[in-house]
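Scroll down for the structure; my scribbles are underneath it.
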Amino acid sequence: MDVDLPQTVAEVTAVFAGYEEALVTDDHESITGYFWTSPDTVRFGIADRQAGIEEIRDWRRQQPPFPPGRKLFDTRISTFGTDYAVVTTLFAYPGGNAVGRQTQSWTRFPIGWRIVSAHVSEVPDETSRPGA
């Protein structure tokens, strides 16, 4: 199996950037468009859980916008073959005392790359921030 093929890493980097842009601009339709349209899609959040694309859509519509200034760091993209990838990143907000952790499993479908599983968590740990 080919790991981290440059073209595949570039593709996933681009779709992940689009997803992140949708998050910070509070574009609910675009955000959910990055998820696999299936009842088997799963998202675990900080204090929530959604099973299936409909629950993800309903939950996302109810969420307030993110605070301004969200910053990602230590983002890692690992690809396996040309159709599967895992993205992990840490995130923080200015003035916040928690570090967020985000993991996404991406699969290439005929319609493009989609998130099939996502997990978000936070830890109140300033030492995980860059420069700490």
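The values are calculated or read from the model by the stated rules, or taken from the named source; none is laboratory data. The structure displayed is predicted, hence computed values, not measured ones. Ideal geometry is used to build each Cβ from the backbone, glycine not excepted, and the neighbour counts take in all protein chains shown.
Here are a few things to note about the model shown:
- Residue among 32, 13 that alone is out of contact with any helix residue (DSSP H, G or I) (no Cβ under 8 Å at 6 or more places or on another chain) and among the polar types (S, T, N, Q): 13
- Among the residues of region 81-105, just one is more than 23 Å from residue 47 (Cβ to Cβ), β-branched (Val, Ile, Thr) and not in a loop (DSSP other than H, G, I, E, B), namely 86.
- Residue match in region 62-80 (condition: at pLDDT 95 or above, among the β-branched types (Val, Ile, Thr), part of a loop (DSSP other than H, G, I, E, B) and within 17 Å of residue 107 (Cα to Cα)): no
- The C-beta contact set for region 1-26 (first residue in contact (Cβ under 8 Å) with a residue 24 or more places away in the chain, second residue of a type in the set (A, V, I, L, M, F, W, C) and part of a helix (DSSP H, G or I), distance under 9 angstrom, 6+ apart or interchain) comprises 19/31; 23/31.
- Check on residue 108, in a strand (DSSP E or B) and either within 14 Å of residue 11 (Cβ to Cβ) or under 11 Å from the mean Cα position of the chain (by Cα) (or both): yes
- In region 104-125, the qualifying residues are those that are β-branched (Val, Ile, Thr) and under 15 Å from residue 36 (Cα atoms), and the one that is surrounded by the most Cβ atoms within 10 Å (Cβ to Cβ) is 115.
- Region 28-52, subset surrounded by 13 or more Cβ atoms within 10 Å (Cβ to Cβ) and free of Cβ contacts under 8 Å to residues at least 12 places away in the same chain, residue nearest to residue 120 (Cα to Cα): 50
- Some residue of region 66-82 being buried (at least 17 other Cβ atoms within 10 Å of the Cβ), free of Cβ contacts under 8 Å to residues at least 60 places away in the same chain and aliphatic (A, V, I, L, M): no
- Filtered residues of region 21-37 (kept if hydroxyl-bearing (Ser, Thr, Tyr) and over 14 Å from the mean Cα position of the chain (by Cα)): 25, 37
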